[in-house]
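The structure appears below as structure tokens.
Each value in this text was obtained by applying a stated rule to the coordinates, not by laboratory testing. What you see is a predicted model, and the numbers here were worked out from it, not measured in a lab. Cβ sites come from the backbone with ideal geometry, for glycine too, and all protein chains shown count toward neighbours.
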Amino acid sequence: MIKFVIKRLASGVVVLLAVSVLTFSLLYAAGGSIARNILGDTATAEQVALKEHELGLDQPLFVRYFTWLSNALKGDLGSSWFSSEPVASSLATRVPVTMTMVISAMIIIAILATLIGSAAAVKRGWVDRVVQIGAVIGDSVPGFVIGIFLVTILAIQLKMFPATSTIAPGVPASAWIASMALPVVALIINGVTGGAQQIRSAVIKQFEKDYVRTLRSRGIGEGEILFKHVLRSAAPAGLTVLSLQLIGMLGGVVIIEQIFALPGIGPLAVTATSQSDLPVVMGIVMYTVVVVIVVNLIVDLLNGWLNPKVRVS
Amino acid sequence: MTASVTPEIATGQTGTVVRSTAIRRLLKNPLGLASVIILAVIVLLALFAPILAPFGENYANIGKTLAAPDSVNILGTDSSGRDVWSRLLFGSQITLLSAVLCAAVAVALGLPAGLIAGYYGGLFETTSNWVISILMSLPGLIVLLTIRAAFGPSVWISMVAFGILISPSYFLLTRTAVRAVRNELYVDAARVSGLSDLSIMGRHIFSVVRAPIIIQTAGICGVAIAIQSGLEFLGLGDPTMATWGVMLSEGFKNVYLTPTLLLWPALAIALTIGALVLLGNAIRDALEDGEKIKAPKVSKVAGSVKANTGNHAVQKGTEHHLVKVTNLGVGYPQADGSIKKVVDDVSFHVDRGEVLGIVGESGSGKSQTAFSILGLLPDTARIVGGTIQFDGNYTVQPGDDRVNQQRLSKIRGRRVSYIPQEPMSNLDPAFTIGYQLVTPMVRVLGISKSEAKKRAMKLLEDVGITYPERTFKAYPHEVSGGMAQRVLIAGAISCEPDLVIADEPTTALDVTVQAEVLDLLRGLQSRLNIGVILVTHNFGVVSDLCDRVVVMQNGRLVEEGDVREILRNPKEKYTQTLLSSMLEGKTPMTMLVSTVEEVAL
């Protein structure tokens with residue numbers, strides 16, 4: 001068990017390093033005139049050269065990478081070129097907002113998709129048809145378009161929710177909930193429709209298994225068969241779907257936060273990207289990969305817990 | 001050589017036939033037709049945008065900003081006085097081109113890589129798996145943000161990048177398909193006949209992956225459009241281009257003034273992606289053989305069960321039979337509305353303590369008959385005639401078209417139980433053997449868990465398991481097939497049933513284990529004095545265990561009688577054929593050894 005976790009963590013670290021090398025070289029090798037970008041067109045050649053020296057841009061790429069890496073290992077991800085704010089501390093204030101939304105959205109998706117998908121698989125009929133149609137609609141309308149319409153109709157026209165967030169440290173929990181309700185709804189709709197569809201087919205597949213017939217022949221009730229046996233066997237498939245959705249959501253939440261003006265990673269990412277504020281972009285990529293690695297590890301552990309065959313090996 | 005050429009021509013021909021019927025079926029499907037039409041219209045609008053658009057994409061009339069629709073600007077103008085309709089048309093060009101670019105890059109990378117990895121495996125596959133695990137751990141939008149930060153705003157660069165990022169989906173799809181085909185006989189035949197790997201891949205394997213790739217491409221174009229519009233909505237696209245995402249962003253900035261500006265680009269995006277999604281679904285449906293059985297028919301049939309809830313009394317003088325099946329018919333509704341009968345007019349009975357064999361080859365309806373007694377027929381099955389009674393009460397009464405689950409759920413597990421054919425697949429791999437033995441006893445008999453555990457240990461001992469404690473704690477994958485079958489037999493007798501239905505209980509086992517399991521069944525049956533219905537294709541098993549036997553063929557009952565009578569003196573021709581196919585007690589045929597020698601010479 002511990003060996004398994006260590007092995008997975010080790011391969012996670014390798015992925016993290018690989019992505020950091022790739023991203024770093026991509027960011028720093030492509031942009032030619034970073035210093036000029038920062039200083040503007042009016043700067044003289046000497047000023048540009050001075051700035052390049054100041055940012056360490058006159059050194060070879062691999063030297064810069066190792067400087068970045070050794071600092072990063074000490075928890076220093078550098079500072080923004082524009083606001084001079086340390087990247088680590090701006091991530092620290094913004095990640096909680098984003099992760100609160102992502103985690104609550106994922107929990108809601110997991111519950112709703114399982115319930116709706118199982119209902120469609122067991123009851124068939126109209127429930128099933130609604131789920132099928134819902135899946136097509138969910139696939140057709142991108143989450144951020146749903147977000148735009150939620151904010152336009154419910155917040156701006158009907159004024160049922162705040163259109164922009166009031167989230168700040170020290171604000172009461174009710175304000176957090178009111179500010180996060182619509183963004184979370186915008187985040188979950190595609191996940192619920194898609195997830196329910198996947199859970200539905202996984203449950204149908206499990207119900208066709210021989211052992212279900214044997215359980216029935218032993219006098220076990222339908223409810224117990226569904227919740228204890230079928231859903232448990234369908235869970236690995238569901239977990240895979242959920243983990244892929246979560247990875248996608250780490251991107252989608254950027255747009256949603258921008259729409260609802262939430263002080264999460266989103267606005268930071270957008271500003272940093274449009275300014276080519278490379279240390280910040282690098283920090284955001286690293287945070288994302290770390291989240292993905294942790295999520296994959298959790299999924300692997302859950303799968304091991306669910307499947308005794310995996311547990312042994 | 002000629003022999004190898006002929007099948008190739010044949011595959012080519014069937015290929016085209018399948019494709020043309022698939023296209024016809026696609027266009028017959030209303031959703032498929034609608035999606036094709038919508039996409040065609042969007043493509044045409046994009047192609048003729050320069051002609052159709054009344055204004056240039058960036059032509060701004062500063063004097064007429066945020067105007068309502070009128071005869072000049074049919075969808076109104078935006079905050080810079082640009083014509084919304086014209087920008088929508090030009091936007092469709094960029095949107096479609098970027099989606100095609102993304103899909104093309106993804107196919108160009110994923111397809112060949114998947115072919116090579118699936119066909120050759122080895123180091124290339126290992127490396128690809130690594131690359132893929134990295135690509136798949138990155139959220140698309142975050143990567144595109146990075147690309148934007150590095151290369152500046154460009155639709156084309158970002159779509160090439162997204163194509164690379166999404167190429168694993170083609171890779172995985174192709175590799176799976178190729179792996180499945182690689183070891184098929186016709187690919188072997190092509191290889192043996194001297195075709196190069198390249199032409200095998202081109203001819204045989206590509207035809208297998210073609211359809212899934214088209215379906216995948218429809219989906220990926222949709223995803224590409226969504227992510228591209230998202231990027232532009234964030235203001236990170238090329239500001240000089242009119243795209244749907246830029247228009248959404250522009251509309252959102254003026255959401256307090258003219259919210260309708262949001263509507264048109266959002267509609268365009270949803271309509272295009274929706275048409276792609278529906279097209280993908282419709283192609284999938286068109287390629288899946290066999291039309292769907294209409295649902296309403298099934299629900300109408302199901303409704304009639306409720307009408308028939310009164311308890312009919314069984315025929316006088318038959319109450320003493322443990323099970324009595326009278327003129328039973330079982331059928332499956334077909335797509336054309338007819339019903340395919342798999343069991344037709346079958347009657348027999350079983351008494352307490354009696355072993356009845358149901359014999360027949362596969363497809364004779366013997367298992368379907370057994371499952372209708374248990375009430376465990378598949379959902380689609382219908383009772384098309386006859387009755388079943390258990391201990392003097394109907395479980396299928398006259399006029400029922402399904403087994404009455406309400407009545408059966410009181411009997412099943414408690415009074416009638418089941419031993420399946422394939423031991424491994426009939427235990428839930430996620431639970432210990434102990435759990436799967438204990439739970440039914442707790443539920444059915446209402447005893448405590450510790451009491452049930454004591455009984456389970458005793459049962460495991462009774463079915464001849466040497467270390468009951470160890471087996472009790474084991475998971476199904478940790479025991480052998482023979483042991484699993486013993487566990488299932490223990491489960492079947494755990495709640496002291498009156499009737500056990502055993503469906504080919506020894507077929508899946510090794511020959512030596514078969515004999516042991518038959519011994520076990522015989523011993524248990526005589527000790528507990530339970531009725532047994534033994535479903536088998538093997539007259540050897542029948543002669544070993546049964547008192548009476550029923551012979552079935554093609555869903556019908558051929559012959560019924562005392563087992564010794566039938567074995568000695570079979571009346572029907574089919575029974576004679578079945579009996580003569582037995583190996584037991586026959587004179588050995590010519591030895592195989594001599595032929596081997598001949599070949600060697």
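Where does helix B:122-136 land angle-wise versus the long Cα axis of chain B, in degrees 0 to 90, nearest 10? That helix lies at roughly 60 degrees to the long axis. A Förster radius of 41 Å, combined with the Cβ-Cβ distance separating B:V41 from B:D379, puts the computed FRET efficiency at roughly 0.50. Extending 7 Å from Cα along the Cβ direction at B:T21 and again at B:D197 yields two label points whose distance is 3.5 nm.
Go ahead and collect, in residue order, the members of segment A:1-29 whose backbone nitrogen is under 17 Å from a label point 7 Å along the Cα-Cβ direction of B:E478. A:1, by backbone N distance to the label point.
To the nearest ten degrees, helix B:433-445 and the longest principal axis of the Cα atoms of chain B are 70 degrees apart. Report the antiparallel proportion of the DSSP beta bridges in the protein assembly as shown as a percent, rounded to a multiple of 5. DSSP beta bridges in the protein assembly as shown are roughly 60 percent antiparallel. Note the angle between two axes, namely the Cα long axis of helix B:84-120 and the longest principal axis of the Cα atoms of chain B, as a number of degrees from 0 to 90, rounded to the nearest 10. Value to nearest ten degrees: 50.
When you count, for each residue, the other Cβ atoms within 10 Å and take the mean per peptide, how do A:193-201, A:277-285 rank with the highest first?
On the way: A:193-201: 22.8, A:277-285: 24.9.
Per-residue Cβ counts within 10 Å, averaged per peptide and sorted highest first, yield A:277-285, A:193-201.
For the residues of A:144-154, the average number of beta carbons from a partner chain within 10 Å of their own beta carbon is 5.
Partner shielding of B:424-435 amounts to 5, given as the average count of beta-carbon atoms from other chains within 10 Å of each residue beta-carbon. When A:V171, B:V36 are arranged by Cβ crowding within 10 Å, least crowded first, meaning fewest neighbours, the order is A:V171, B:V36.
Counting only lysines at least 8 places from A:K123 when in the same chain, those with an alpha carbon closer than 24 Å to its own are A:K205, A:K209, A:K228, B:K292, B:K294, B:K297, B:K300, B:K306, B:K410. Remark: segment A:1-62 carries a charge dipole of roughly 680 debye about the Cα centre, counting +1 on each Lys and Arg Cβ and -1 on each Asp and Glu Cβ. Model label sites at B:T176 and B:K316, defined 7 Å from Cα along the beta-carbon direction, differ in position by 6.4 nm.
For peptide B:147-155, the mean count of partner chain Cβ atoms within 10 Å of a residue's Cβ comes to 6. Equivalent ellipsoid of the protein assembly as shown: semi-axes from √(5λ) of the C-alpha gyration tensor, largest first, are 62, 31, 31 Å.
Applying 0.36 nm per residue to the separation of A:V14 and A:A237 and subtracting their alpha-carbon distance, the gain on full extension is 77.7 nm. Let's test the formula: R0 of 51 Å, r as the Cβ-Cβ distance of B:L257 and A:Q132. What FRET efficiency results, to the nearest 0.05? Using R0 = 51 Å, I get an efficiency of 0.85. By the count of neighbouring beta-carbon atoms within 10 Å, fewest first, B:V160, B:V325, B:V41 end up ordered B:V41, B:V160, B:V325.
Phi-derived couplings, Karplus 6.51 cos²θ - 1.76 cosθ + 1.60 at θ = phi - 60°, listed residue by residue for segment B:495-504: 9, 6, x, 8, 9, 10, 9, 10, 9, 6 Hz, with x used for Gly and Pro.
Between B:R470 and B:A68, the modelled labels are 8.7 nm apart [label points 7 Å from Cα along Cα→Cβ]. Distance from the Cα centroid of segment B:126-141 to that of segment A:233-260 is 17 Å (rounded to whole angstrom).
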